[in-house]
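Chemist: Provided herewith is a single structure, encoded as structure tokens, for subsequent inquiry.
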Amino acid sequence: MNTTDGLERKLREQLLLARRVEGDRLMLADDVLGAALDGSRPLTPNERAALALSPLTMRRLRQMTIERAAQAWTGSAGMLRAASGSGPLGELATDDGHWALHFLPQGASWQVILKLAADAPFAPQLMREQPMLRVVDGAGAIILQGQLDADGECENAWPFGTAPAPHFQQAGAAFAVQPVKAERR
């Protein structure tokens, strides 16, 4: 898209949103607009016509789009707490409370499980879109990478030779859960 096309699109958008129609009211419910935004249900031809004829409904759709963009998850971080240092490490949680890392002994090694909290504001979107996720330690080493299963979990064998607690202590006592961005070619 060149600059002229972008400017024209922005001007058209401003004209549509600034337009006033006598007796205008919300023509579509928030759940209909929300379903259209998340792609779970497209607007019918009549709903599209109602949207085009109602600047108020169009402004509501724009506001919902802005709110959803603000709620988009970009990553979560956590730290190894002082209380976690004694004995085997069983669980770590991100500071926002939306993710937990569980560590289960498996023979001489460990299994690590990433769990998404069901009440996280972005949980429905992540469960629907199934993006690739990565957990890294404070030094940037990858602990786990994969997609959530139907239970909101992703698991893998612990990739390091040391147990989780000493590993985190040596790697900055921090970790992060991140979306994996697709590489552009």
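Chemist: Where only protein heavy atoms count, and the probe is 1.4 Å, what is the accessible area per residue for the chain in Å²?
Modeler: Counting only protein heavy atoms, the per-residue value for the chain is 61 Å².
Chemist: Quick one: Debye curve from the C-alpha atoms of the chain, no solvent, what's log10 I(q)/I(0) at q = 0.17 Å⁻¹?
Modeler: The calculated log intensity ratios at q = 0.17 Å⁻¹ are -1.05.
Chemist: Hey, what did segment 116-185 get for relative contact order, percent, Cα under 8 Å, at least 6 apart?
Modeler: Details: 85 pairs, mean separation 24.6, N = 70.
The normalised contact order for segment 116-185 reaches 35 percent.
Chemist: Accessible surface of ARG128 in the full protein assembly, 1.4 angstrom probe, to the nearest 10 Å²?
Modeler: 110 Å²
Chemist: Round to a whole number: what % of the accessible area of the chain belongs to carbon and sulfur, probe 1.4 Å?
Modeler: Ligands and nucleic acids excluded, carbon and sulfur reach 55 percent.
Chemist: Take the Cα atoms of segment 69-168, build their convex hull, and give its volume per residue in Å³.
Modeler: Looking at segment 69-168, the number lands at 104 Å³ per residue.
Chemist: Please work out how much accessible surface ASP30 shows to a 1.4 Å probe, ignoring ligands, DNA and RNA, in Å² rounded to 10.
Modeler: 70 Å²
Chemist: Rounded to the nearest 10 Å², what accessible area does PHE168 show when all protein chains are kept and the probe is 1.4 Å?
Modeler: About 0 Å², ignoring ligands and nucleic acids.
Chemist: Taking only C-alpha pairs under 8 Å that are 6+ residues apart, what is the relative contact order of the chain in percent?
Modeler: Computed over the chain, the figure is 18 percent.
Chemist: Then there's this: In percent, what relative contact order does segment 19-84 have, based on Cα pairs under 8 Å that are 6 or more apart in sequence? Walk me through the numbers on the way to the answer.
Modeler: Details: 34 pairs, mean separation 23.4, N = 66.
Here the relative contact order equals 35 percent.
The values are calculated or read from the model by the stated rules, or taken from the named source; none is laboratory data. Keep in mind the model is a prediction, meaning the values are calculated, not measured. In case anyone asks, the SASA skips ligands and DNA or RNA and just uses the protein heavy atoms, side chains included. Shrake-Rupley method; radii C 1.70, N 1.55, O 1.52, S 1.80 Å.
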